[in-house]
Amino acid sequence: MEKVEDQNPQQEEDQVVNPWEVSAKDGGKIDYDKLIDKFGCQRLDQSFVDRVQRLTSRPPHVFLRRGVFFAHRDFNDILDAYERGQKFYLYTGRGPSSEALHLGHLIPFMFTKYLQDAFKVPLVIQLTDDEKCMWKNLSVEESQRLARENAKDIIACGFDISKTFIFSDFDYVGGAFYKNMVKVAKCVTYNKVVGIFGFTGEDHIGKVSFPPVQAVPSFPSSFPHLFSGKDDLRCLIPCAIDQDPYFRMTRDVAPRIGYHKPALIESLFFPALQGETGKMSASDPNSAIYVTDSAKDIKYKVNKHAFTGGQETIEKHRQYGANLEVDIPIKYLNFFLEDDAELEHIKKEYGAGCMLTGEVKKRLIEVLTEIVERHRRARAAVTDEMVDAFMAVRPLPNMFD
Amino acid sequence: MAYSKDQLLARLKELQIEFSQYEHPVVLTVEAQAKYVGNLGGALSKNLFLKDKKHRYYVVSALADTKVDLKVLSQRLGLGKGGLRMAAEEALVEILKVPLGCVTPFAVVNESARHVSLLLDQGFKAQEYCFFHPLSNDMSISLNAHCLDKFLKSIGRDPSYVDLEANPPVGKDQPPDLAAFVPSDAPILSDLPVKAPTQDSTGKHVSAASNSAVVAAKAIKPSGNAQNVKEKPVNTVQPSIPAADAGNFVEELLDRASALLLSEISEDSIKQHSGQLGAEVANNIKKCLREDLKNLATIFKNTAYTEGFYAGTRYQPKRL
């Protein structure tokens, strides 16, 4: 039996992790072990990484190698089925609350693109414009516009249009999708949803009835134009771990309405430049590297705002070495520096005090600038017509090729 | 191909634009011109053909006694302090299709001058009429600024007048006030394989209504941000769908591969691997380029698919 989280997260004095708030205890670090324990998901250990490498015949993604995607639910079932020749589809999404995307936002998409390429499976991407309209009090038009703008950055991550369907809730909810929403809604009591998401009597009914919208893309029958006749198809959801509550609810409901439970593969939070106290914030431009930042901006932000574990003076640094636990440049390199050997070397030298903070920052600036540059160029090739094509309700005949 | 003086005069008459014409011996300077038409009551113009470091061209047409400081102008355009200089004579002939000493706002009627930005002295508006060369140095025509506007509008140009003597500060919080006059040249980043030059839609159109589907003399509302490559579809004319250009795509791939190849072959690497250098380099190239090239290929594929999808949604089924 799976642990279903019932306690109201806002009553806990320690860390708060839910889709709308992430904060650590006493302004410290997020305790991921506690989180896994509390949520009831599984650690993704090295054996999984090796298995993925074997099954896909290619090196595992840097996020897997470095434990960025570190937790899962039923990923082993997905792999077992895959080994038997049964494919699956991917489902991920974004809440389009702002036009400015930062690197933290791109992480699930970068990983999902890898999964699409490695396993050769189709992908649905949900843009929850309705959610942002409700939670951030945006107008309907504005949230739809943001959804389209965000879609361009998502497409720029390199998804294959012949295997990818992007949809916005305002456009797509209805028909088979809505039928599933009602089926899910019937299985979740008001008390339950309050318990999972922490709603109060003051919250409007839009919020309370939203969770099924994010739940049903896990079921292939929600997409009859894609998966008709394939009711048995499994779903794998790459997401950040704060989305877990939605899918705990979904997994609880799925067997009751005759569907497979979706599997999850979950990531850490990308730390803010100022340090590991929670998620990056779209409202503080210096807390994150944005995909629209110029090389100069990146250099400035890393040099001036990145929290480091280096010592206060060079002499002290040479003697004691850097504190890798809190050093942001090292953490960022952990996410984005592809070369394992080089990362090891930097960690060793920096930890011992031989390498200075300036050098580590310099390398980070190079790595980040390359990523942002590549993204910007790919983004420039995305037109409104391409967005229309990605979002068109159309069959994807080659989605498993 | 170039517009001639006679064609221009005929056109002005066709448009019922009021002007007077004065023939005189060929003149190359304002002083020389003044000898012949300086006493006729109108204002003489001096006309500069300028270019910036990114090979963008400008015609600056001013009253003869307006002080034009190229350094100030350069800053106001957002080109930095020394960004503007006089264009070469060859450019005059090739782009404006006029001889030396004959720069004139009328030269933008030529197709070759489509991307040339035109800055007009607001001092013209206060004059009853001003003198310009009608594409040839052996004649001057005088007309009111209003009439000049009528002509410019007829060729799809938006006449805008500027206080050329102003010297506003340009800094972090004060953007260059003339930045809109910098032409956004053909919107292709040379290293994007996919954006082949399509129809001549450039930058953002603001007044689509005044432009017919004739693309030739389209007024470029120059976007101040010349780096912006995103093409926004214009709803009036055909939207621009960047073509998936196989040629560009392949050039991009080859460029990257050869750049990497060249960097891999050095004295050191030759010494280190000698006979095995070929295999070593081949391996490295594959390793380094694999992901990069796959990404480029995906962009290409997505673009081609989008082209097909777009065509498909506008496909007319066979009539039975």
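Given the structure, is residue B:77 closer than 17 Å to residue B:115 by Cα, touching a residue at least 60 places away in the same chain (Cβ under 8 Å) and not acidic (Asp, Glu)? Yes, satisfied.
Taking the residues in the range B:1-27 that are small (Gly, Ala, Ser) and part of a loop (DSSP other than H, G, I, E, B) as candidates, determine which candidate is nearest to the chain's Cα centre (by Cα). By that ranking, first place goes to B:2.
If only residues of the range B:88-119 that are under 27 Å from residue B:147 (Cβ atoms), of a type in the set (A, V, I, L, M, F, W, C) and in a loop (DSSP other than H, G, I, E, B) are counted, the one that is nearest to the chain's Cα centre (by Cα) is B:116.
Hey, among the residues in the range A:275-289 that are crowded, with 16+ Cβ neighbours inside 10 Å and assigned to a loop (DSSP other than H, G, I, E, B), which one's modelled with the highest pLDDT?
If we filter the range A:275-289 for residues that are crowded, with 16+ Cβ neighbours inside 10 Å, which is where we start, we get A:275-280, A:282, A:287-289.
This time we only want the ones that are assigned to a loop (DSSP other than H, G, I, E, B), so: A:276-277, A:279-280, A:282, A:288-289.
Details: A:276: 78, A:277: 67, A:279: 52, A:280: 62, A:282: 64, A:288: 90, A:289: 93.
By that ranking, first place goes to A:289.
Quick one: which of A:326, A:393, A:387, A:382 is among the aliphatic types (A, V, I, L, M), surrounded by fewer than 17 Cβ atoms within 10 Å (Cβ to Cβ) and within 14 Å of chain B (Cβ to nearest Cβ)? Answer to the check: A:393.
I'm told residue A:373 meets every condition in (1) within 14 Å of chain B (Cβ to nearest Cβ); (2) free of Cβ contacts under 8 Å to residues at least 40 places away in the same chain; (3) among the acidic types (Asp, Glu); (4) within 18 Å of residue A:293 (Cβ to Cβ) except one. Can you identify the failing condition by its number? Among (1) within 14 Å of chain B (Cβ to nearest Cβ); (2) free of Cβ contacts under 8 Å to residues at least 40 places away in the same chain; (3) among the acidic types (Asp, Glu); (4) within 18 Å of residue A:293 (Cβ to Cβ), the lone unmet condition for residue A:373 is (2).
Any residue at all in the range B:119-127 that is buried (at least 23 other Cβ atoms within 10 Å of the Cβ), under 12 Å from residue B:5 (Cβ atoms) and in the same structural domain as residue B:23 (by the TED database)? Within the range B:119-127, none of the residues are buried (at least 23 other Cβ atoms within 10 Å of the Cβ), under 12 Å from residue B:5 (Cβ atoms) and in the same structural domain as residue B:23 (by the TED database).
To keep it simple, each residue is scored yes or no on (1) in the same structural domain as residue A:255 (by the TED database); (2) modelled with pLDDT of 80 or more; (3) closer than 17 Å to residue A:238 by Cβ.
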{"residue": "A:4", "(1), (2), (3)": "no, no, no"}
{"residue": "A:7", "(1), (2), (3)": "no, no, no"}
{"residue": "A:24", "(1), (2), (3)": "yes, no, no"}
{"residue": "A:27", "(1), (2), (3)": "yes, no, no"}
{"residue": "A:39", "(1), (2), (3)": "yes, yes, yes"}
{"residue": "A:60", "(1), (2), (3)": "yes, yes, yes"}
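Screening A:339, A:327 for residues that are within 23 Å of residue A:70 (Cα to Cα), at pLDDT below 95, in contact with a Ser or Thr (Cβ under 8 Å, 6 or more places away or on another chain) and not assigned by the TED database to the domain that holds residue A:70 leaves exactly one candidate, A:327. Contact annotation: residue pairs with Cβ atoms under 6 Å, 6 or more positions apart or on different chains, pairing a residue in the range A:168-184 that is assigned by the TED database to the domain that holds residue A:220 with a partner that is at pLDDT 95 or above and not in a helix (DSSP H, G or I), are A:168/A:127; A:169/A:128; A:180/A:219.
The values are calculated or read from the model by the stated rules, or taken from the named source; none is laboratory data. Predicted model, so just to flag it, every value in this text is computed and none were measured. Cβ coordinates were reconstructed from backbone atoms using ideal geometry, including for glycine residues, and neighbour counts include every protein chain displayed.
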